[in-house]
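Reviewing the structure listed below.
Each reported figure results from applying straightforward, stated rules to the coordinates on display, with no laboratory input. Everything quoted here is computed from the prediction, not taken from an experiment. Cβ placement follows ideal geometry from the backbone for every residue including glycine, while neighbour counts extend to all protein chains displayed.
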C-alpha cells in the first residue's frame, strides 16, 4: 500500500469506513508532511493540530460503535484563509485581520465538516485574494513544490501546494479570475471552478454576484467530484443556487460516451507562453487518438472589457471600507485593484453586463457542436518569485497586471463549469495544466471526461 499521505481522499474514506486505517493515522500523516515541507513551502498559515487530533479520535470511536457516518468521515481537509472558519483564525492574508477569529463556518466549510471531514488548517493566500504571488505581509511566499524558486500561483496557491505535497487530502479554494485553476496548473493537481450557484455562498456583499465562487483543489478527478458532492446543493439564501439540486457523484466505472472536443490554446484573445502552448498541443494530439477533436472556440473578443469593468466595480464595492479606513495597511497590488473601480460609470457597468451576455450566448452556440472546450489552464508556466508581476508573455507586453489571467477569467464570466487537470511538463520539470470547460450545469460529464484523460492518458498528479 502507498504511504498513507499518498492515498487519494476517496481511498482514504473507504479505508477509514472499513477500519483499515484510523482517522488519527490520517491526521498524523498530514502533519508529518506539514512538518516536513511547510517551513520551506509556506502553504499552511494556521494549523488546527490539537483540534484535528481530538476530532479524529471521536471519528474513530464513531466507526467502532458502528454509527452512520458521512462520506468524508475522518478525511483531513484544508480551507483557504479567505474563507471564515469557526474558532479558527482567518486573516484574509491581511494585517487588518491578523488576529480575527470568526464565530461561524462558511456554508461550504460547514458542509464539509457535517460530512465528517476534519479541518487541519488554513492555507495561504495573497491579501484579499489579489495578486500574482501567493504571499502577504503575514506569511509567504508560498513556493512551488516542484521548484521552490517558482510561484505556486494565485490566489489559492497555499491550497494547491497543501494538496500536491500530501499536507492535506482535499482543499477548499476560491476562484474569481482563475484562482483555483492557475495554482492547480502550477502545482500539478486538479482544480475546479463549478457552475454559478452550484456551491451556495450567502454571506457575500452582492447576492447575485457569481464572479467569485468557492472551488476545489484535489489530487484526483474522483476526489474533486467527491468534495463537490458534499459542498453542492441549493440554499435559498443564495439566489443563484435556486433550482440547483444536490450534485451527485458520476459513475466512474462507466465508459464515457462519444465526446466532441473543440480546442484552442488562446481562445483567440490571450497571449500564451510558447512552451505552455507546445505542451497543450502535444496533449491534444494524445486526445485525438481516442476522440474527435477540432480547433474551435467561441468568439471571446468582448471578454476583456466585460471582465475588467465588472471585476473592478465589484472589488471597489467589496473593499471600499478597507480602502477608506486602512489604506496604509493594504498592499500596493490591493490598492491598484480597488482603485481600478473608481470612476466606472453606470453606463460602463451595464455595457459590461451586455458584453457578458453576448459571450455567454456565444458559448451556448459553441456547445451545440461540441461537448467540451479544451484550452490551457494558465497562460504561463510557474514563474520566479523575484518577478513581481506578469507584464509580458513571449516578449509581448501586457496592458495590465491581470491580463495573464485572460484564459481563465473569460470562462469565469460565463458561469460555466471548468476543471484544470495536469496534462504535461516543461523541459525544466514544471507542471502544465489543461482547462476543460463544460456545458451549463455539466459538471458530471466534465468529470467523466477528465477522469478518462487521467486514467487512459496519464494526465495526473506526480509525487515529488
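Using Cβ contacts closer than 10 Å as the measure, can you line up 364, 349 from fewest to most?
Fewest to most other Cβ atoms nearby, the residues stand as 364, 349.
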Notebook entry, point to check: Working from the pairwise distances between different alpha carbons, so that the mean of 1/r is found and then inverted, what is region 271-381's Kirkwood radius in Å?
Noted result: 17.0 Å
Check: Which order do peptides 301-308, 65-72 fall in by mean Cβ count within 10 Å, highest first?
Finding: 301-308, 65-72
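If neighbour count is taken as other Cβ atoms inside 10 Å, put 290, 460, 133 in order from fewest to most.
On the way: 290 14, 460 17, 133 21.
With the fewest neighbours first, 290, 460, 133 line up as 290, 460, 133.
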Check: Which three semi-axes in whole Å describe the equivalent ellipsoid of region 13-144, each the square root of 5 times a Cα gyration tensor eigenvalue, listed largest first?
Finding: 29, 16, 11
Next item on the list: Measure out, as a whole number of angstrom, how far apart the alpha-carbon centroids of region 51-78 and region 377-453 sit.
Entry: 35 Å
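If you count, for each residue, the other Cβ atoms within 10 Å and average over each peptide, how do 251-263, 160-172, 36-48 line up from highest to lowest?
Details: 251-263: 13.2, 160-172: 31.2, 36-48: 20.8.
Descending packing order for the listed peptides: 160-172, 36-48, 251-263.
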Next item on the list: Give me 366, 77 ranked fewest to most by other Cβ atoms within 10 Å of their Cβ, as a rough exposure proxy.
Entry: 366, 77
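Sort 318-326, 145-153 for me by packing, meaning the mean count of neighbouring Cβ atoms within 10 Å per residue, highest on top.
Values: 318-326: 14.6, 145-153: 22.3.
By packing density, highest mean first, the sequence is 145-153, 318-326.
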Note to self: Largest first, please: the extent of the C-alpha atoms of region 174-281 along each principal axis, to the nearest Å.
What the structure shows: 45, 38, 26
Check: For the chain, max minus min Cα coordinate along each principal axis, in Å, sorted largest first?
Finding: 61, 57, 46
